[in-house]
Each structure stands twice: as structure tokens, then as C-alpha cells.
Amino acid sequence: MNSLCGDPPSECPAWAKLAAHAEGWREARLAELFAADPRRSAQFVARAPGLELDYSRQRIGALGLRLLEQLAAERGFAHWRRALFAGEPVNATEGRAARHTALRARDAVPAEVKQALERMRELAQGLGGIRRIVHLGTGGSDLGTRLVMDALGDKAALEVRFAANIDPLDLARALKGAEPQSTLVVAVSKSFTTAETLANARAAKAWLGGRGRLYAVTANEAAARAFGASEVLPMWDWVGGRFSVWSAAGFSALAALGWQSFDELLAGANDMDRHFYEAPLEQNLPVLLALLGVWNVNFLGAATHCVLPYAHALRLLPAYLQQLEMESNGKRVDREGRSVAYATAPVLWGAAGTVSQHSFHQLLHQGTQVVPADFIVAGVSAELDANAEAQARALAFGTADAALPAHRRYPGNRPSSMLRLERLDARHLGRLLAAYEHKVFTQGVIWNLNSFDQWGVELGKQLADEILMKRS
């Protein structure tokens, strides 16, 4: 499957046009753009089910957006998107499809997905006597479920704790105060060879002493059974870890929150899948998130991106997105194995507002680096929403009072987007996470990357094993 303009993307006609167009935008002032167009705040908005993206404070105009859409078209975006949803092997280095959208399908649900969901529901309904779930996993087998529980867990019927670090303290804290007979341990590892997960699973199994329950979520059922798991839920090779919260990897959340909440999470993601597949590019919220990122990284020179959720329930979102974005697109080799000569994924970081305002916002407002930001608001409170709006305005417009001493001036002209959720519940959380998944996929298409492998994490693991062998 080839792009329509030839590889790499920097050879596309639209790329050259964007580079020339950016020359006139590096010094453009957001204050002047708003003054020249009173309708800007209403025009630069995209809507998807339950979400609204206001990107009027991005340093871009209508022509730049059209050129970015042209770049996506030249890169064969429509073909790649269709291949993703059709289950074609878009993960070329591993010869796999990336079918995470099938996990939350409403129509034509694959038989194996339907069977797994039914089994998850049966197991969750049979947890009488269990008061705590200890979820063992790392990376994608941990972050998604951890985020869902932190965001929605206030009404959970069961307590869920997590251990992801090979440091024994992590598991010790997860088990503290629990009793083996009322504890379920869920070990999540596709290969059932992940060092951190197996180390914690061995320690947890010894702690259970045969009095509690041990379940596994894996593609290696034989190894899990041999280890002593009484129940094994499937993970398929066509679901990457960072896209796996929708699968049995999310069983701990389903058991604690209830089937209905987990189904709403899946339904929300499916809402966004449909929007992503059907909406035209100029109205497609995930696509616009991706295109704005490409504009800032490749044509305005941004090296980092900040995510600022103004909802304590979403405080783990930056950590979740760090893996989703940087593991997917933090790559220097394209699909053909060639070194790229253009920037790919920026460093992603962030924290919950308003706490972050007393931390690194100094750099955002007055530092030497311009850092594009996503503000995420969910109508939690008027005070939180007002703070997010105030920070976005300050970044965009700064201060114009020349009488102020230099240390009190704000240069402004720092781009940001405002992503608004109608409310924060399971369905809207599913929509939000799926939007960022599709953003990542779209950027991978434009940068000619395989967003579904992660070979860069392997060398360190191998060297650690060698060091341990030499010391043993």
C-alpha cells in the first residue's frame, strides 16, 4: 500500500507548500489573528460525539489547514484508514493487523471478541467473597486499566490496586492490608514472559498461598496454566499493549466498575471510531488533532507537547498518552527501513490542572521554548473550567502593557487547543481515549511510520538479562 506522492512525506508536494507557507506564520501573532477575524473562535472548532475541539488558539489559518489535509490525502490516509478497520496487516514489521477497533465494535463483532466479553462478564459475576483485585502488568497492560480505574473508580464495587514495577515495594503496597482469601490477582502479559509481571506474579502467588485466586490475561495460555492460573482470558497478537484496555486486559476494571460501565467505555470508543472513519478531514476531530501536531512539530519547530487535564479524575492521562504517542511514533526509521530526515513524535508531558499551574507553567508562559498544549476540560466545576480558559488565554495573548517590568511580561503567542467533554463518565472517557488513538495513527501515516511496533524497548531488556546472568 503506497502513498500517492512517493516516500518519504517530505517529498510530497503539500509538504513543500507547507514549508513555504510556514515562513509567514512563524512571526504571526494570535492577538492580531483574533482582532482581524472576530469569528475565529467559532470557525476553528470541530465536534465529535460528546467532544468539542477548539483550536482557534493554534497559530494556523484556513490555508494551512487545507494544505495539511492535502498532505494527509497525498500520504494515502484514506487507504491506510480503510486498511486499519479492515484488519489488514498494517503492522508490517510483525506481519500483524491492529484490530483494537474490533474490540469495541457494535456491529459484526468478531466471534472471539464476543466470547471473551461474555466470559469476562461471567467471571466478574462470580467474584463473591473478593474484596480486592491486584492487577499485575506493565506498560500497556497497566496504564490503560489504571487510568480507567482512577477516572471512574469512585463508585467501584471492588478495590483495585496495581503493581507494575519490578521493585518489590510496588507489589508490597498493592497487597498491604489485603487478605489472601478475599484477593484476586490478575496477571496481564501477552507473552507471559514479561520480567516485571512474572516477578510480581511469582511473589503474589506465594503470598496467596493457595487461598486466593489467580487469573491470567495472555496469548500464552499454556504458560499461564503451567504457572497456576485458574482462569485464562485471551489476548490476541492483533492487539498491541497500549491499545489493549478495551480487551480482557481491562478485566479488572470491568469486575470493579460493573459490566454496564465497561460496556459504556467500549461504546464511547466505538462512537469515536465511527466519527473518525466517516467525518470529512476538515471536521474530523482526531485527524485535526494529528494535523495540528504535524504543523507544530514539522513546520513550527516544536519539540515537546503538553497535556493539561483540568479534572483530577484524568490526572493519569499524560502518563497514558506518553506511552501511546511516544512508543507508537517515537521512531527514526520509516516503514521502508530508512532513517527519516524530519521530526516525528514530540516529547509528551503534562499534569493535572490546577496543580500544574504551581509547577511548570512558569516555563510555559515565560520560558525560552514554545510548548504547544492541549487543555482538557470536563465540566467538573466552574472554577476548574475558568482556570483552564484563563491559562489558555494567557498563553495566547500574554500582556501588552509595556510599562510592566520585563520579569512581569508575558510574551503570549503560545499555541494551545481546548478539548471539552460534555461530562466525565465511562462513555466520554472511551471517546477521549479513542480520539487520541486515532490521532496517533494519523500522524504515523503522515510520517510513514509503523505505529504498532516498539522495537526500541528491546535492547535494554536484553542487556539487563545479560548483566543479571553475569552476576548470578
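The values are calculated or read from the model by the stated rules, or taken from the named source; none is laboratory data. Worth saying up front: this structure is predicted, and the values here are computed from it rather than measured. Cβ coordinates were reconstructed from backbone atoms using ideal geometry, including for glycine residues, and neighbour counts include every protein chain displayed. Surface accessibility is based on the protein's heavy atoms, side chains included, excluding ligands, DNA and RNA. Shrake-Rupley method; radii C 1.70, N 1.55, O 1.52, S 1.80 Å.
Tabulated results
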quantity: Cα gyration tensor category, rounded, prolate or oblate, for the stretch 31-123 with a/c compared to 1.5; calculated: oblate
quantity: Per-residue ³J(HN,Hα) for the stretch 319-333, Karplus 6.51 cos²θ - 1.76 cosθ + 1.60, θ = phi - 60°, Hz, x for Gly and Pro; calculated: 5, 4, 6, 4, 5, 4, 8, 7, 6, 6, 10, x, 9, 10, 10
quantity: Protection-proxy order for peptides 58-66, 122-130, 276-284, each taking the mean of Cβ atoms within 10 Å per residue, highest first; calculated: 58-66, 276-284, 122-130
quantity: Equivalent-ellipsoid semi-axes of the chain, from the Cα gyration tensor, Å, largest first; calculated: 39, 26, 21
quantity: Table column - 3J(HN,Hα) (Hz), the stretch 213-227, Karplus curve with 6.51, -1.76, 1.60, x for Gly and Pro; calculated: 10, 10, 10, 10, 10, 6, 8, 10, 4, 4, 5, 5, 5, 5, 5
quantity: Sorted peptide list for 200-213, 240-253, 141-154, criterion being average Cβ within 10 angstrom, highest first; calculated: 240-253, 141-154, 200-213
quantity: Value of [θ]222 nm, deg cm²/dmol, for the chain, DSSP H segments ≥ 4, -39500 (n - 2.57) each, nearest 500; calculated: -13000 deg cm²/dmol
quantity: Cα convex hull of the stretch 347-422, projected area averaged across orientations, nm²; calculated: 5.5
quantity: Shape of the stretch 321-472, Cα gyration tensor, a/c cut at 1.5; calculated: prolate
quantity: Prolate/oblate/rounded label for the stretch 227-353 (Cα gyration tensor, a/c 1.5); calculated: prolate
quantity: Mean projection area, nm², convex hull over Cα of the stretch 298-367; calculated: 5.6
quantity: Percent accessible area from carbon and sulfur atoms, the chain, protein chains only, probe 1.4 Å; calculated: 51
quantity: Mean Cα-pair separation over length for the stretch 70-211, i.e. relative contact order, pairs under 8 Å, 6 or more apart, %; calculated: 20
quantity: Inter-centroid distance (Cα atoms) of the stretch 438-454 relative to the stretch 189-227, Å; calculated: 32
quantity: Dipole magnitude of the chain, debye to nearest 20 (Cβ charges: Lys/Arg +1, Asp/Glu -1, about Cα centre); calculated: 620
quantity: Probe 1.4 Å - accessible area at I467, Å² to nearest ten; calculated: 80
quantity: Length gained when the stretch Q115-V347 is fully extended (0.36 nm per residue, less Cα-Cα span); calculated: 79.6 nm
quantity: Estimated vicinal HN-Hα couplings, Hz - the stretch 27-36 in sequence order (Karplus 6.51, -1.76, 1.60; Gly, Pro = x); calculated: 9, 5, 10, 4, 4, 6, 5, 5, 5, 6
quantity: Euclidean distance of C-alpha centroids, the stretch 67-119 and the stretch 249-278, integer Å; calculated: 16
